[in-house]
Amino acid sequence: TPAMKTPALLATIVATSSLTSLTAHRILEPTRHAEAPPAALHPDRLAAIERSLTHLQEELAAKTAALQEELALAEARHDAGRERKDARDLESLVRGVLAVEGQGGKAALIEPPTRPLGELLAELDAIDDPLEVQRFWQRMREEGRTEELLAAFEARAEAAPGDPEVQVALGQAYLQRIQEVGNGPLAGVLANKADQAFDAALAVDPQMWSARFQKAVALSFWPPVFGKQNEAIAQFEVLVQQQAGLPPDPKFAQTHLLLGNMYQQIGQTEKAIAAWQAGLALFPGDKDLLAQLELVQDQ
C-alpha cells in the first residue's frame, strides 16, 4: 500500500510550529543582566513585539492552511477504502501550535495530552468496523504508540493463553506493526509471530472462523519465494468446508474470492473460476466475485 503524504505534512506543521514558537520566545524574552533587574520595556518596544508576534501568527496560519489544502488533495487522489488521517489529530496539533502565557509573556508550544494506554485499548476493543480499526492503528502509527500497544497485547495473551479472542487480537496487532516497519527481516519475524498467535487460537477452537481467515489472509501476503501460497490455499479450503455448515454470512464470500485469487496466482485458472462461481452460487450479486469473473473472461 503506497504511503500517504499525511505523516510528512503533519511533520512539516510541527516543524513550522516549533520554529515559530522558538522565534517568538526569543522576541518576548527580556534581555537579562547579571547585576540589575530588567528595566520596564518602552511602549514602542512593546508595540514592536506585538507586531512581530502577530506577523508570526499570521504566517503560521497561512502555512497551516496551505498544508491542509495539500493534505485534502492528497487524500482525494486515493481510493475511499484507503486509510485516511483523522481530522482530530490535525486539529489538535494546530490548536496547540502557539499560545502565549499570560504572566510570563513567553510563546510556548503546547503538546496534545497523551492518552492513557488503557483508554486506547478500551477504544480499540469497542470498534467493530474493520475500516475504523485501520484508522485507529493509523493514528497510533502517527503518534508512535504501536510498540506500546503491541506490548500490551503480548501481556494480555501471556496472561490468557486459553482465550482464542485474545490470541487473535495479538495476531492482528503483529500484522498492524508490519505496516509500520515495511519490508525486511523484522517484517518476517512479526509475520511468523502473527501466524503463531492465530495457531494458538485455533488450538483452542479449531472452528474459530476469524482466526483461520486471518491466518489464511496473512499467509497469502508472503512473497512467492517463501512458498506460502499452498498453505494459504489449504486454509481457505478448510474455511469453505466449515462455512458450508454455518448460517450464510456475507463475509463468507471473501473466502471464495481469496481462494480463487490464490489459485490464479499459482496458474490454476480453472480452479480459480470454479472457486468464484461457487461463491456466487451462495452469494449472488457479490460485486467482488463478479468483477473477478469478468476480468478472466475479458482476457
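The values are calculated or read from the model by the stated rules, or taken from the named source; none is laboratory data. Everything numeric here is computed off the predicted structure, so don't read it as measured data. Here the Cβ is made from the backbone with ideal geometry for all residues, glycine too, and neighbour counts use every protein chain on show. We work out accessible area using only protein heavy atoms, side chains counted, and drop any ligands, DNA or RNA first. Shrake-Rupley method; radii C 1.70, N 1.55, O 1.52, S 1.80 Å.
Protection proxy ranking for 46-52, 134-140, using the average of other Cβ atoms within 10 Å per residue and placing the highest first: 134-140, 46-52. One equal scatterer on each Cα of segment 201-299, no solvent, Debye formula: the resulting log10 I(q)/I(0) at q = 0.19, 0.24, 0.25 Å⁻¹ is -0.90, -1.30, -1.36.
Count Lys and Arg as plus one, Asp and Glu as minus one, and take only other residues whose Cβ is under 10 Å from that of A253; the net charge is then -1.
The listed peptides 264-270, 233-239, ordered by packing as a protection proxy, come out as 233-239, 264-270 (highest mean of other Cβ atoms within 10 Å first).
Computed over the alpha-carbon pairs of segment 244-290, the distance histogram in 10 Å steps reads 32, 53, 15, 0 percent, short to long. Only one residue of F283, N230, P185 has its Cα farthest out toward the positive end of the dipole of segment 165-287, where Lys and Arg carry +1 and Asp and Glu -1 on Cβ, and that residue is P185. Evaluated at q = 0.16, 0.27 Å⁻¹, a Debye calculation over the C-alpha positions of segment 188-251 (equal weights, vacuum) places log10 I(q)/I(0) at -0.53, -1.21. Note on A126 and A203: the model spin-label points, each 7 Å out from Cα along the C-beta direction, lie 3.4 nm apart. Can you pull the percent of segment 207-299's accessible area that's carbon plus sulfur, 1.4 Å probe, other chains left in place? Using a 1.4 Å probe with all protein chains present, segment 207-299 comes out at 57 percent carbon and sulfur. Each 10 Å bin from zero up to the one holding the largest Cα-Cα distance in segment 106-200 carries the following percent of pairs: 15, 45, 29, 7, 3, 1.
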